[in-house]
Amino acid sequence: MDLQLAPPPLTNLRLLAHRPKAASTSTATAAPSTSCSSSSTEPLKPRPRLPRQSPVPARRPRPNPAHLPALCTTIERHAAAGRHAEALHLFRLARAGFPFTPLPARTYHALLLAAAALREPGAAAAVAWHVESSGFDLDLYTHNHVLRTYLECGMLAEARRAFDGMPDRNGVTWGIMMGGLVDRGQPRAALALFREMLLAEEAGGDGDAPPPRSLVVALRAATASGSARAGQQLHCCVVKAGACGDVADRYLACALLDMYSKCGLIDEARRVFDGLPRASVVAWNSMLAAYVLHGRSEEALELYQEMCRSRVAMDQFTFSTMLGVFSRLGLLEHAKQAHAGLIQRGLPLDIVGNTALVDLYCKWGRMEDARNVFERMPRRNLISWNALIAGYGYHGMGDKAIEMFERLIAEGVVPNHVTFLAVLNACRFSGLVDKGKRIFQLMTENLRMKPRAMHYACVIELFGREGLLDEAYSMIRRAPFTPTANMWGALLTASRIHKNMHLAKLAAEQLLAMEPEKINSYAVLLNLYVSSGRQDDACKVVETLKRKGLYIHNACTWITVKKTDHKFFFKDTLHPQSAEIYRRLHTLMKDVREAGYVAEENELLPDIYPDEQKVSSAYHSERLAIAFGLMSTAPQTPLRINQSHRLCRDCHKVIKFVAEVTKREIVVRDGSRFHHFKLGICSCGDYW
């Protein structure tokens, strides 16, 4: 019977293909009968493969010098297109193939620019070594390129050696070296180098004035060092050169403006500006920035209006600067006009301008507009987040402020002390005790950001708002530093609201010891004594005020109607429509009394002198402003009031009734916060 073998499985086909053949005839005939049995019990094994021998490396062909021009052209194209790493990679190939063959000058310039752009000291040194070792004929232009590359790569010592070893120098050379010293934080060394340049020119018989570029860099050095004397000496050089009137030297005039501004000589800067025969937009912007730097917002506004009349083509820097000014002065209409002008010109607003616009809308209670600007910002920084969070907080929108804070954390932005202060303020104004405690605890657990006195003051006032005076006082006692005036002031405010005479007296004594000339503490303590019927103690406070020569200043309230500011004082009769205003106020007070208003008694009125306390509070400045606003605007138009003092309880109560009777929204920005009155309710929750 023939034995038929089944076909091998598919998985063994590859193994069978490599099955070894018989080594000799004797092996094949030795055991024919056992081949079948062995095949059924032993698996087939593949023949072991020998390790592959690595091929002998082919000899690298010697580079063809004919290919070098094409390689140089490619390097230049890569550098011109911004592909700096590719350009330097090709340079390494060229250096390996042609180590001592000089490259064209334009190729070296492209390589030096690439190394400077990448800030790679190794690449800069390699290119400079190749320039020197290849026998390239160095001209002054290439020398300056090497010097600039060294400085931009942070190789100050190499730059100084290259500068000292240059056989010839021009004004550009001196300017590059001085600018590098200023950028590396050595402005005094730059000024010393400028003096060395003047001496070298005198020794060479060149009596001409220094070039404008060198003067600009020297002025930068004087600005960085804060040396007004050096700046004034440089100004003399500028006057001798007669360069300020030249169109090519506009940067020189701006450098002078910047130097005087940052050295604190703002009037000198204005004289330089007024002496320009034709100021460029850069000069206008420099002068505006100088006024803003020194807090002279009114003068910045006057200069901006003069700029508008002169029809100078403004840029985004102009609008960014002025938006900050409008924000400080509370000029909403001016800001809206500037924003519209920016959009009409098609100019993009930078991050500073956008943040200023967010801050401005927040200060005017336009939180929807502020949020829209914030969401449309192409780029945001931490200041932008802080402005919006603080705005929500001041307007009593604590939940939205915390929502933005949590979003900030989720987006990976690291908060700072200002961020935590803004969100704690939001909790304070909205009475969110638990959330405020949680955020404060978050700060205490962060080793890099321990709470400061201002954060403690927020939490103290947060506890005081809810009547937790013991916890508020314990915060002061547990503070790891000496309690500040803000902390005691927060406790005094809480004690005033909740009529705790013991803590109020303690806080007032501490405050008066720290700030004996500040009248606010006396006024709060006097209010507290008067409202609690302690007339003897109130008289003592008044006597102390008289002895120290302190008195309560006449407070001011203003409202903007049709782009015009209208100011009011207590019992003001200076306004042209004074008679109509008082008639409207009398009618208004009659309406609110019919609605249930009852006057508050025994309170020191903040905009009346102490000897006038018996006069009716009906003529407070904020009431006059509201009466004027009601008669000067269309129905349903929100009223926005600004005042320099804290609202008294009686006026706060009156405005709630006015908002309910007239169906108007009234926003009052007083000395402590924003108050949004709507339908008889205030956003402060009657705590301010």
If we ask which residues in the stretch 149-178 are out of contact with any Phe, Trp or Tyr (no Cβ under 8 Å at 6 or more places or on another chain), open to solvent by less than 20 Å² (accessible area, probe 1.4 Å) and touching a residue at least 40 places away in the same chain (Cβ under 8 Å), their number turns out to be 1
For the stretch 539-564, which residues satisfy the criterion of being at pLDDT below 80 and assigned to a loop (DSSP other than H, G, I, E, B)? 549, 550, 551, 552, 553, 554, 555, 563
Could you grab me the full set of residues in the stretch 445-464 that are under 22 Å from the mean Cα position of the chain (by Cα) and part of a helix (DSSP H, G or I)? 454, 455
Of everything in the stretch 593-635 that's among the small types (Gly, Ala, Ser) and at pLDDT below 80, which residue is surrounded by the fewest Cβ atoms within 10 Å (Cβ to Cβ)? 616
Over the stretch 406-438, the set of residues within 25 Å of residue 380 (Cα to Cα) and surrounded by fewer than 20 Cβ atoms within 10 Å (Cβ to Cβ) is 406, 407, 409, 410, 411, 412, 413, 414, 416, 417, 418
Test residue 383 against the stated conditions and say whether it is in contact with a Ser or Thr (Cβ under 8 Å, 6 or more places away or on another chain), β-branched (Val, Ile, Thr), modelled with pLDDT of 90 or more and in a helix (DSSP H, G or I). yes
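Here's the yes/no breakdown for (1) basic (Lys, Arg); (2) more than 13 Å from the chain's Cα centre (by Cα); (3) over 25 Å from residue 451 (Cα atoms):
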site	(1), (2), (3)
354	no, no, yes
370	no, yes, yes
382	no, no, no
393	no, yes, no
417	no, yes, no
Going through the stretch 535-552 one residue at a time, which ones are in contact (Cβ under 8 Å) with a residue 12 or more places away in the chain and more than 17 Å from residue 649 (Cβ to Cβ)? 541, 542, 544, 545, 548, 550, 551
Which members of the stretch 122-138 meet the condition of being under 41 Å from the mean Cα position of the chain (by Cα) and surrounded by 16 or more Cβ atoms within 10 Å (Cβ to Cβ)? 123, 124, 125, 126, 127, 128
List pairs: first in the stretch 275-300 and at negative phi, second among the aromatic types (Phe, Trp, Tyr) and part of a helix (DSSP H, G or I), Cβ under 7 Å, 6+ apart or cross-chain? 279/273; 283/273; 285/317; 287/273; 288/304; 299/291; 300/291
Please work out if residue 467 is touching a strand residue (DSSP E or B) at 6+ places or on another chain (Cβ under 7 Å) and assigned to a loop (DSSP other than H, G, I, E, B). no
Only one of (1) under 20 Å from residue 672 (Cβ atoms); (2) of a type outside the set (S, T, N, Q); (3) free of Cβ contacts under 8 Å to residues at least 60 places away in the same chain; (4) in a loop (DSSP other than H, G, I, E, B) is not met by residue 522, so which one is it? (4)
Taking the stated definitions as given, is residue 400 basic (Lys, Arg) and either open to solvent by 70 Å² or more (accessible area, probe 1.4 Å) or assigned by the TED database to the domain that holds residue 639 (or both)? yes
Residue tally, condition closer than 24 Å to residue 498 by Cβ and open to solvent by 10 Å² or more (accessible area, probe 1.4 Å), over the stretch 636-656: 5
Which one of these is within 23 Å of residue 220 (Cα to Cα) and of a type in the set (S, T, N, Q): 142, 173? 173
Mind checking whether some residue in the stretch 470-477 is of a type in the set (Ser, Thr, Tyr), surrounded by fewer than 20 Cβ atoms within 10 Å (Cβ to Cβ), on the phi < 0 side of the Ramachandran plot and at pLDDT 90 or above? yes
Within the stretch 561-597, the residues that are in contact (Cβ under 8 Å) with a residue 24 or more places away in the chain, over 20 Å from residue 639 (Cα atoms) and out of contact with any helix residue (DSSP H, G or I) (no Cβ under 6 Å at 6 or more places or on another chain) are 596
Flagged pairs (Cβ under 9 angstrom, 6 or more apart or on separate chains; first in the stretch 253-271, at positive phi; second part of a helix (DSSP H, G or I) and open to solvent by 10 Å² or more (accessible area, probe 1.4 Å)) are 264/228
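The values are calculated or read from the model by the stated rules, or taken from the named source; none is laboratory data. Keep in mind that this is a model prediction, so the values were computed, not measured. We place every Cβ from the backbone using ideal geometry, glycine too, and count neighbours over all the protein chains shown. The area values use the complete protein model at the heavy-atom level, side chains included, leaving out ligands, DNA and RNA. Shrake-Rupley method; radii C 1.70, N 1.55, O 1.52, S 1.80 Å.
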